[in-house]
Amino acid sequence: MTIGKKRNKQLFDDWIEDMLNDLNLHSYSYEVADLEPQHWKMLWKTFDEYIDSGFSSSDRQVAYDEGCALGKSVVLEAYGKDLEEFEIEMEVMRLIDKDDS
């Protein structure tokens with residue numbers, strides 16, 4: 001975080017909510033209450049570096065996507081999972097659902 005820069009708490013809250021909603025679409029129940037101080041520290045650092053860092057408009061979406069992936073990794077870590085494991089589970093579920101249709 002840049003010294004003297006005021007953090008945008010509402011943007012941070014919206015970003016966290018979007019990530020949790022995306023993760024929870026897959027029938028899990030990820031909640032902020034389960035995050036520990038070290039997770040919050042990593043989420044704020046990711047937010048500062050990728051989400052609220054003032055990237056140019058051409059780089060903003062790439063930075064946002066990278067920040068979301070890193071943020072999801074932090075949340076999943078709090079639950080003892082990693083992003084790759086989560087994505088594999090989601091792909092398996094998608095294929096099972098596809099076969100059922």
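For this structure, a couple of remarks:
- Pick from segment 7-50, criterion part of a loop (DSSP other than H, G, I, E, B) and aliphatic (A, V, I, L, M), ranking: farthest from residue 93 (Cα to Cα): 35
- Considering 73, 58, the condition of being free of Cβ contacts under 8 Å to residues at least 24 places away in the same chain and either of a type in the set (A, V, I, L, M) or surrounded by 13 or more Cβ atoms within 10 Å (Cβ to Cβ) (or both) is satisfied by 73 alone.
- Check on residue 63, touching a helix residue (DSSP H, G or I) at 6+ places or on another chain (Cβ under 7 Å), farther than 23 Å from residue 90 by Cα and either without any contact (Cβ under 8 Å) to a residue 24 or more places away in the chain or among the small types (Gly, Ala, Ser) (or both): yes
- For residue 53: the one exception among (1) part of a helix (DSSP H, G or I); (2) polar (S, T, N, Q); (3) closer than 18 Å to residue 13 by Cβ: (1)
- Among the residues making up segment 29-60, those that are hydroxyl-bearing (Ser, Thr, Tyr) and within 13 Å of the chain's Cα centre (by Cα) are 30, 46, 50.
- Flag if residue 89 is in contact with a Lys or Arg (Cβ under 9 Å, 6 or more places away or on another chain), loosely packed, with under 14 Cβ neighbours inside 10 Å and either more than 19 Å from residue 10 (Cβ to Cβ) or in contact (Cβ under 8 Å) with a residue 40 or more places away in the chain (or both): yes
- All positions within segment 76-86 that are part of a helix (DSSP H, G or I) and exposed (fewer than 13 other Cβ atoms within 10 Å of the Cβ): 84, 85
Just so you know, all these numbers are worked out from the coordinates, no wet-lab data involved. For clarity, every value in this text was computed on a predicted model and none was experimentally measured. We place every Cβ from the backbone using ideal geometry, glycine too, and count neighbours over all the protein chains shown.
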